[in-house]
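Only the coordinates and a few stated rules stand behind these numbers; no lab work does. What you are looking at is a predicted structure, and each value in this text was computed from that prediction instead of being measured. Every residue, glycine among them, receives a Cβ derived from its backbone with ideal geometry; neighbour counts consider all protein chains shown.
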Amino acid sequence: MRRVFTVCAAAALTISFGACGKSNSPTMPSSSASASASTPAPAPGGLTGGATIGGTVVRGAAPTSIRPMSGSSITVTVAGTSIATTVDPSGAFRLLHVPAGDDDLDFEGPDVHARLHVAGVVELEEIELRVFVAGGTADVDHDERHTADNRVEIEGRIAEVNAAARTLLVGNTLVMVPAGTPIRHGETSVDFAQLRVGDRVHAHATTNGTAITATEVMLQTEHGNPAPGEDHGNDAHVELNGTLAAKSGMCPSLTFTVSSTSVATNASTQFKDTACGTLANGDRVEVQGARQSNGTVLATRVEKKK
């Protein structure tokens, strides 16, 4: 059983979290390979404790078209601190002693100037992210967090479903889902057999050695995106979680992206823990809505996450 974590940066994004069918995500290097490939940032000023945030930066036009770093120099810095590291030629990086709380990671390079908000960092937590960065925009596609008390939070796309073993491969992390584990889509219970490759899930889990066992699975996309040539019209319900970016327009008619998916609001959109006029780039949000024929999600509800 294995756990593999990845962070990716893409030059231009045309993906959606809910892609169904076979996963088109790039093969992720092993966590041990990433760790050995990248020299961790030293502890500035004798810092101790804190969290670890790491992964791999890979540049490409889309997650199905990945290319090497080509020698480009990108640094990753915890904003407001001296904690920084340089992304190595394989794309790996690792930051140590990241302070608990809400942190911002700055990605800086010849054609990259992006900030990623990482909320709710916990002392001694290990966080591995898969992030797509396009110019000035950074967005999380895979978020995996392990705490010192053996709790795990995994949010990402299903790459494989094994019905016989009741396991999910989320990214490259194998998650066991025992019979009786609650699986929900919103307030609706979902059977394990309804989970599909390409669906986006958020799993609460625990670890025992290398085994990861889900205690609850939240399905964020009901059926994923239409396959090529398939049109679900306006009936495909979608849930997105991620960082709001590229906001434009005037209330109530806003457009922005979440998880590289275009989102639009209108006068019928409901807002929770925020308001239309206070939404800002960098906010962590959950969006519920219906996918339109052009691929845009028309939001019925936007909730700001803490």
Can you give me the distance in nm between label points at Arg196 and Asn266, each placed 7 Å from the Cα along the Cα-to-Cβ direction?
2.5 nm
Give me the percent of DSSP beta bridges within the range 151-219 that run antiparallel, rounded to the nearest 5.
90 percent
Least to most buried among Thr265, Thr300 (fewest other Cβ within 10 Å first):
Thr300, Thr265
Amide H neighbours of Leu124 under 5 Å, at least 5 residues apart or on other chains, H built in the peptide plane: list them.
Gly50, Ala51
Output the Kirkwood hydrodynamic radius of the range 236-304, Cα pairs only, in Å rounded to one decimal.
11.4 Å
Label point distance in nm, Asn281-Thr255, each placed 7 Å from Cα along Cα→Cβ:
1.5 nm
Sort Leu124, Leu298, Leu254 by Cβ crowding within 10 Å, fewest neighbours at the top.
Leu124, Leu298, Leu254
Fewest first, what order do Ser259, Ser253 take by the number of other Cβ atoms within 10 Å?
Ser253, Ser259
All other residues with a Cβ under 10 Å from the Cβ of Ala100 taken together, and with Lys, Arg as +1 and Asp, Glu as -1, what is their net charge?
-4
Virtual spin-label span in nm between Ala290 and Arg184, 7 Å along Cα→Cβ:
2.4 nm
Taking 0.36 nm per residue of separation between Thr274 and Ala165 and subtracting their Cα-Cα distance, the length gained on full extension comes to 35.1 nm
A chain fully extended from Ser73 to Thr147 at 0.36 nm per residue, minus the present Cα-Cα distance, gains in nm 23.5 nm
